[in-house]
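Q: Quick one: the structure is below, and I'll ask about it shortly.
Throughout, read-outs are computed from the coordinates displayed, never taken from laboratory work. Just so it is clear, the model here is predicted, and its values are computed rather than measured. Here the Cβ positions follow ideal geometry from the backbone for every residue, glycine too, while neighbour counts run over all protein chains shown.
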Amino acid sequence: MTKFSLDNPLWNFSNKFYKRDDVRSVCLALQDEFGFDINIVLYCCWMAVSGHPIIKTEELSEIVNTTRPWQNEVISDLRKVRIRMKSNNDIKFGDLSKALRDNIKDCELQAERIEQSILYYSGGKLVPRNNTSSIERGSVVYKNLNTYANQMSVENMSALQNYLSILKEALIQYFDEN
């Protein structure tokens, strides 16, 4: 089995890029409205900002199939428990339940980090092209995310395209700033 490091360039990029309000809100909307895995969205962005070529459909399909069990059986379940604890007044017990919810949130973040490590090492097979502009990288992320949307069988493509355009512009700005 491959030895994974939790400290890797994808994780570092994701932490910085996700802190942007526009990126965070779009990622959460993609998750809530379309069932997207935010880690895969961030992976598609990182591949583009790193100068990698467009992710092929079969490569992305393999990545989604590899991470889906972890996402569905670990991350999603932790998130559901955390959200229920926050929203259900019958299980709110002040600081006691808040402390547990915070611990669950930390576990959820650790699970996200493990998935990102898997994604990072999956993308390590591709060689980046370092001579591409921010506009070209924005185009790559847009195509990567459209490939992901096709795999997710998104029906409302017009709403989705607005979100993808926001991410594309955010990625161009991020690349130009860094």
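Q: Listing Leu30, Leu145, Leu109 from the residue with the fewest other Cβ atoms within 10 Å to the one with the most, what is the order?
A: Listed from fewest to most nearby Cβ atoms, that is Leu109, Leu30, Leu145.
Q: Related question: What distance in nm separates the simple spin-label points at Ser158 and Cys107, each placed 7 Å from Cα in the Cβ direction?
A: Here the modelled spin labels are 4.3 nm apart.
Q: What is the total of Lys pairs in the range 1-99 with C-alpha atoms under 29 Å apart, excluding same-chain pairs fewer than 8 positions apart?
A: The number of close lysine pairs in the range 1-99 is 15.
Q: Can you put Ile63, Ile83 in order, fewest other beta carbons within 10 Å first?
A: Exposure proxy ranking, most exposed first: Ile83, Ile63.
Q: Only helical DSSP H runs with n ≥ 4 go in: add -39500 (n - 2.57) per run for the chain, normalise by residue count and round the 222 nm mean residue ellipticity to 500 deg cm²/dmol.
A: -24500 deg cm²/dmol
Q: By count of other Cβ within 10 Å, fewest leading, how are Ser158, Ser5 ordered?
A: Least to most surrounded, the residues fall as Ser158, Ser5.
Q: Where does helix 57-70 land angle-wise versus the long Cα axis of the chain, in degrees 0 to 90, nearest 10?
A: Value to nearest ten degrees: 10.
Q: Please identify every one of the chymotrypsin sites (Phe, Trp or Tyr not before Pro) in the range 41-129 that sits in a loop by DSSP and has no more than 13 other beta carbons within 10 Å of its own beta carbon.
A: Phe93
Q: Here's a follow-up. Which longest run of the chain has no exposed loop site in it, a site being trypsin sites (Lys or Arg not before Pro) in a DSSP loop with at most 12 other beta carbons within 10 Å, and the site itself not part of the run?
A: It runs 57-124.
Q: Something else: Hey, could you get me the Stokes-Einstein D for the chain, Kirkwood radius over alpha-carbon pairs, 10 °C and 1.306 mPa s, rounded to whole µm² s⁻¹?
A: This corresponds to a translational diffusion coefficient of 93 µm²/s.
Q: Roughly how tilted is helix 94-123, in degrees to the nearest 10 and between 0 and 90, from the longest Cα axis of the chain?
A: Result, in degrees: 20.
Q: Nearest 10 degrees is fine. How inclined is helix 134-151 to the longest principal axis of the chain, computing both from alpha carbons?
A: Rounded to the nearest ten degrees, it is 60.
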